[in-house]
Amino acid sequence: MYSKSIFGLGALLALSTAISSRAQQIEVLPVQGNIHVISGAGGNITVQTGKDGVLMVDTGLADAAPKVIAEIRKLSSAPVLFVINTHVHPDHVGGNEAISKTRAGSANGAPIPTGGGGRIELVDGEQQLKIIAQENVLIRMTTKGNGEAPAPEAGLPEDEYFTPFKDLRFNGEAIVIYHEPNAHTDGDSVVLFRGSDVLSTGDIFTPEGYPFIDLQRGGSIEGEIAALNHILDLTVPGKTQEGGTYVIPGHGRVCDEADVVEFRDMVVIITDRIKDMIKKGMTLEQVKAARPSLDYDTEYVTPTSFVKADQFVESIYKSLTQAKNGGSTK
């Protein structure tokens, strides 16, 4: 079921769909402030609601989109006006097209198809749905590779940013989108809801499994660690280091800063072990045989884990050796 090295985009979609089919039913939970999280549709979906409309961070798998839309309608009858994609993988952008082609605002909660280009508009027609992402997400969604066709035009980001961060105000809340270069991929974003004190991280942070360092799409272990450290810079714990800023990961339970610290430390410790093995001249197979992640495997490897221990070790080894040799991970 799992490839021996790096996942292709088609394999990602197939595996994400398989994991989703084994997961629980779609579930909606309040986080804090104006924020809810929808799980069970692929990657976690962050939803902000308010008087201005609905904003989503990621859209899940394409097949789950109708159920996601139905759950959003239970939270708000207002139109979805913003989608922010944290990265390019299909379990996070797959629902883009369905969201872009549906205005959900009828009195009975049923989706209302839009005309023209399929973009969601306000009643007065002054504002369209905007799909926001770091520019590398758009580049990868519109580029053929590994025999895969580009994503449908209706679901493409149309507001791509290339600066270190992008901000907006929606539903009376400041929202800051930060680019995390060459972390999980080369187009990762984390999204901070300043008023609600919630941070959505995409797959940079996956507390119930090892992170997937997608070397084919610009990911790197050094970028992953830098991104986790930045997440810790953005979070502020509550009493006795619990609560405070809540963190919505790409997959798994809602967390706080202490959970991110534990996860970051795990990534750093395993990476340092592999660095030492590389300095000793050990090959990839020798490093795998030494099992540098062994003491963490019981916590981060389960029957439904996306990344197995050997795959995580391999991605770290290749990322470090490519960087050392001046090679590109893109």
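Once amide H atoms are placed 1.01 Å from N in the peptide plane, what residues at a sequence separation of 5 or more from ILE84, or on another chain, have their amide H within under 5 Å of its amide H?
The answer is MET56, VAL57, ASP58, ILE132.
Quick one: Karplus J couplings for the stretch 297-308, per residue in order, coefficients 6.51, -1.76, 1.60, θ = phi - 60°, nearest Hz, x for Gly and Pro?
Residue by residue, the stretch 297-308 yields 4, 5, 8, 10, 10, 10, x, 9, 4, 6, 10, 7 Hz.
Check which residues have an amide H placed less than 5 Å from TYR210's amide H, if you skip close sequence neighbours.
Residues meeting the amide H criterion: VAL307.
State, as an integer percentage, the relative contact order of the stretch 9-324 based on alpha-carbon contacts under 8 Å between residues 6 or more apart.
In percent, rounded to a whole number, it is 13.
Give me a comma-separated list of calculated 3J(HN,Hα) values for the stretch 252-266, in order, Karplus coefficients 6.51, -1.76, 1.60 applied at θ = phi - 60°, integers in Hz, x for any Gly or Pro.
Each residue of the stretch 252-266 in turn: x, 6, 5, 10, 10, 4, 4, 5, 5, 4, 4, 5, 4, 4, 4 Hz.
Under a point-charge model restricted to the Cβ atoms of Lys and Arg (+1) and Asp and Glu (-1), what is the dipole moment magnitude of the stretch 9-324 relative to its Cα centre, in debye to the nearest 20?
380
From the phi angles alone, apply the Karplus equation (6.51, -1.76, 1.60; θ = phi - 60°) to the stretch 208-219 and give each ³J(HN,Hα) in whole Hz, x where the residue is Gly or Pro.
For the stretch 208-219, the Karplus-derived couplings read 9, x, 4, x, 8, 8, 7, 4, 5, 10, x, x Hz, x marking Gly and Pro.
Here, each number is a calculation from the coordinates, and none is a lab measurement. This is a predicted model, so every value here is computed, not measured. A quick note on method: Cβ atoms are made from the backbone with ideal geometry, for glycine too, and the neighbour counts reach across all protein chains shown.
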